[in-house]
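The structure under discussion appears below in the form of structure tokens.
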Amino acid sequence: MKNVSLRPYPHASSFRKLAAAAWVAPREPNVYGSIAVRAAPLVAWLERQSEQEGIRVTVTHAVVRAVAMVLARHPDANGFVRFGQLVLREHVDVYVHVLLREPVGGTIGGADLSGLCLRHADRLTPSAIARELHHAVDAKRQGRDPELVRTRRDTAWMPGWLLRLGLRLAELLQYGLNLRTDWLGIPRDPVGSAEGSSVGMFGIQTAYGPFFPLSRNAIAVVAGAVEDAVVAVDGQPVVTPVLTLNATFDHRVIDGFHAAVLTREVRQLLEHPELLDLDPADTRVPDARATITVGRAAPSEPAQRSLAGSGTDPEGWMPEESSGRIIRKNHPEE
């Protein structure tokens, strides 16, 4: 008996024939999504933090802190696939992309992309993240970062086939055999649990980050521009700054429920930025699972009332979700 009842595709167009021959069956597990974050409290909080800490603390630093916190709170999302089996990391490390601009008078092709993997990122405050990135970017731009110097030197002389072979060897050693490769000049687990970047400074609202083929992270977050938008507050239109967060998830590790929990908690942390100073395990940090009843019976009315003051939310309630239906206007980027 046949598995699927089939019949010929009549009158296939030339494009349909080319497409069928050019592409193979999809094998990427990537899932993409965006959320809108009401950013007025965050913008004000970042200004106060920058003044108090003596260093510019930005949206990117806050987003990295929020992502690290939720990964520490939900370790099942801090994993990857190894030899067809899911494994979990014991630490939360977050890689942050940084732009190294082209020399003055040069072409845009002279711009380079680098970054820094923040080890134990869940233990770092936004201001600590800002300081680590500031020092790292300074070193990279002034040619004092040994890893970047080595990478540029090696890629300058290696032919493509040899570079590809070397990267595959490093992948096998690092994630197949789980061996450190410092002796090859390649840092351990270079991307870590998740990666974060920002395109907001370019005025871009929506963009999704790819997974580097040789990394083993299940989350890539891109912060878009902060723009004025019209949102509904108590049934009335109100203009307020809105931050768009865009994420790519590895569906082998994170499904819709996991993504809902993670993104709701990230939104709560950013819309109530004072929570970013708390330990991830602090009971005052909202647990988004309390608001998701899909897949199980909803709690009774007495049980719902008992959530107030139970540690699921610092105020005993979960703020209204930000509206996804918004009208954008220009807003200075933070």
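A short reminder: the numbers here are calculations on the coordinates, not readings from a lab. What you are looking at is a predicted structure, and each value in this text was computed from that prediction instead of being measured. A quick note on method: Cβ atoms are made from the backbone with ideal geometry, for glycine too, and the neighbour counts reach across all protein chains shown.
Odds and ends about this structure:
- Residue order, fewest to most surrounding Cβ atoms within 10 angstrom, among Tyr175, Tyr32, Tyr95: Tyr32, Tyr175, Tyr95
- Here is the size of region 1-153 from its Cα atoms: Rg then Dmax, 23.0, 73 Å.
- Extreme residue, positive dipole direction of region 27-329, given options Asn78, Ser198, Thr155 (C-beta unit charges): Thr155
- From least to most packed, judged by other beta carbons within 10 angstrom and beginning with the fewest, Arg73, Arg216, Arg289 follow the order Arg289, Arg73, Arg216.
- Inverse of mean 1/r across different Cα pairs in region 164-218, Kirkwood, Å: 12.9
- Set the Cα radius of gyration of the chain against 2.2 N^0.38 Å, with N its number of residues, and you get 1.13.
- Only Lys, Arg, Asp and Glu carry charge here, each on its Cβ (+1 for the first two, -1 for the last two); on that basis region 72-124 has a dipole of about 120 debye about its Cα centre.
- Length added when fully stretched, Ala25-Arg150, from 0.36 nm per residue minus Cα-Cα: 41.2 nm
- Working note: Karplus 6.51/-1.76/1.60 with θ = phi - 60° gives region 250-255 the couplings 8, 5, 5, 9, 10, 9 Hz, where Gly and Pro are set to x.
- 15 Å cut-off, amide nitrogen to a point 7 angstrom out along Arg82 Cα→Cβ, residues in region 179-217: 179-181, 188-193, 215-217
- In this Cβ point-charge picture (+1 for Lys and Arg, -1 for Asp and Glu), the chain has a dipole of about 1620 debye about its Cα centre.
- Considering only region 27-329, percent of DSSP beta bridges that pair antiparallel, nearest 5: 80
- Modelled spin-label separation between Ile292 and Val4, with each label point placed 7 Å from Cα along the Cα-to-Cβ direction: 3.1 nm.
- Distance between the 7 Å Cα→Cβ label points at Leu165 and Glu102: 3.3 nm.
- Stretching Thr125 away from His91 to a fully extended chain increases their span by 10.6 nm, per 0.36 nm per residue minus the current alpha-carbon distance.
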